[in-house]
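These notes are about the structure you will find just below.
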Amino acid sequence: MSINHFSRFSGINVRTLVAVYTVVLMAGCASTRLTTVTLRDGTTHQVEVVNDLYGLPVRFANDQIKVEDLGLTATVTPGKDDLEFVRILLAELKAKGQFVVIVTSPLDRSASATLEATGPGKISLTFFPKADYPLIWEGIDQPGVHWFPFHFVFEEKESKQSFEFMQWSQMDYRTWKYAVTKTKEMK
């Protein structure tokens, strides 16, 4: 089984994406702006994006966590033709402790994932497989730019202290097709 990570930048390896994104943001040359996003249910949201060609969502950061990427990953299982896509959060968890992480999304109010993370350190959390949560993935294989909001709640097991944030992800049809094609080629 191999796992390939894809983000908005045409399937670039996540390490490359993180390095490029970090350089851009740390260099101070990346200004931000608000863009209006309308979800399928008609609700509108103001999303802070990097003011560049791609208009990617700004990654959440505070003194407890720094999001490095919110994308998707494909699991290739030998003998299976279908690719198994799941969402993935890559972050630097700055807070110390053992955390229960609850992930939800306004795209499917019935969807919830419960995960665990340990900090401080790098974390990688996978959630909402495409096969099991079609509403959360709806439209990704259609033309256009697609927005995916996720709400994360981190609760430390011992102290019960918690923090939460909303992180948006964006992907266009061209990038999705590239990710699927490249994953199938590597399979």
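Determine if region 76-98 includes at least one residue that is in contact with a Phe, Trp or Tyr (Cβ under 6 Å, 6 or more places away or on another chain), surrounded by 17 or more Cβ atoms within 10 Å (Cβ to Cβ) and closer than 15 Å to F163 by Cβ. Please lay out each step first, then the result.
Restricting attention to region 76-98, the residues satisfying the condition of being in contact with a Phe, Trp or Tyr (Cβ under 6 Å, 6 or more places away or on another chain) are 87.
Then drop every residue that is not surrounded by 17 or more Cβ atoms within 10 Å (Cβ to Cβ), which leaves 87.
Next cut, closer than 15 Å to F163 by Cβ only: none.
Within region 76-98, not a single residue is in contact with a Phe, Trp or Tyr (Cβ under 6 Å, 6 or more places away or on another chain), surrounded by 17 or more Cβ atoms within 10 Å (Cβ to Cβ) and closer than 15 Å to F163 by Cβ.
Residues being touching a helix residue (DSSP H, G or I) at 6+ places or on another chain (Cβ under 7 Å) and surrounded by 20 or more Cβ atoms within 10 Å (Cβ to Cβ): count how many of those fall in region 108-139. So that I can check it myself, show each step before the final result.
Taking region 108-139 as the starting set, the residues that turn out to be touching a helix residue (DSSP H, G or I) at 6+ places or on another chain (Cβ under 7 Å) are 108, 111, 128, 130.
Now drop any that are not surrounded by 20 or more Cβ atoms within 10 Å (Cβ to Cβ), which leaves 128.
Total satisfying the criteria: 1.
What residue, of R87, R15, R40, R8, is modelled with pLDDT under 50 and either in a loop (DSSP other than H, G, I, E, B) or closer than 23 Å to R109 by Cα (or both)? Lay out the reasoning, then the answer.
Working: R87 fails: modelled with pLDDT under 50; R15 fails: either in a loop (DSSP other than H, G, I, E, B) or closer than 23 Å to R109 by Cα (or both); R40 fails: modelled with pLDDT under 50.
Answer to the check: R8.
Report, by residue number, each residue of region 69-84 that is part of a strand (DSSP E or B) and more than 15 Å from H151 (Cβ to Cβ). Show your work before the answer.
If we filter region 69-84 for residues that are part of a strand (DSSP E or B), which is where we start, we get 69-76, 84.
Correct list: D69, G71, L72, T73, A74, T75, V76, E84.
Looking at region 21-37 only, could you name the residues that are modelled with pLDDT under 50 and either surrounded by 12 or more Cβ atoms within 10 Å (Cβ to Cβ) or aromatic (F, W, Y) (or both)?
Start the filter on region 21-37 by keeping residues that are modelled with pLDDT under 50, which leaves 21-28.
Hits for region 21-37 are Y21, T22, V24, L25.
Read through the list (1) surrounded by 19 or more Cβ atoms within 10 Å (Cβ to Cβ); (2) within 25 Å of Q46 (Cα to Cα); (3) among the hydroxyl-bearing types (S, T, Y), then give the number of the only condition that T183 fails.
Unmet for T183, out of (1) surrounded by 19 or more Cβ atoms within 10 Å (Cβ to Cβ); (2) within 25 Å of Q46 (Cα to Cα); (3) among the hydroxyl-bearing types (S, T, Y): (2).
Would you mind finding the one in E84, E156 that is out of contact with any helix residue (DSSP H, G or I) (no Cβ under 7 Å at 6 or more places or on another chain), among the charged types (D, E, K, R) and farther than 24 Å from E185 by Cα? Quick ask: steps written out before the conclusion?
Working: E84 fails: farther than 24 Å from E185 by Cα.
Of E84, E156, the one residue that is out of contact with any helix residue (DSSP H, G or I) (no Cβ under 7 Å at 6 or more places or on another chain), among the charged types (D, E, K, R) and farther than 24 Å from E185 by Cα is E156.
Check Y54 against each of (1) part of a strand (DSSP E or B); (2) in contact (Cβ under 8 Å) with a residue 24 or more places away in the chain and name the one condition it does not meet.
(1)
The values are calculated or read from the model by the stated rules, or taken from the named source; none is laboratory data. Predicted, not measured: the structure shown is a model, and the values here were computed from it. No Cβ is skipped: glycine too gets one built from the backbone with ideal geometry, and neighbour counts run over all protein chains shown.
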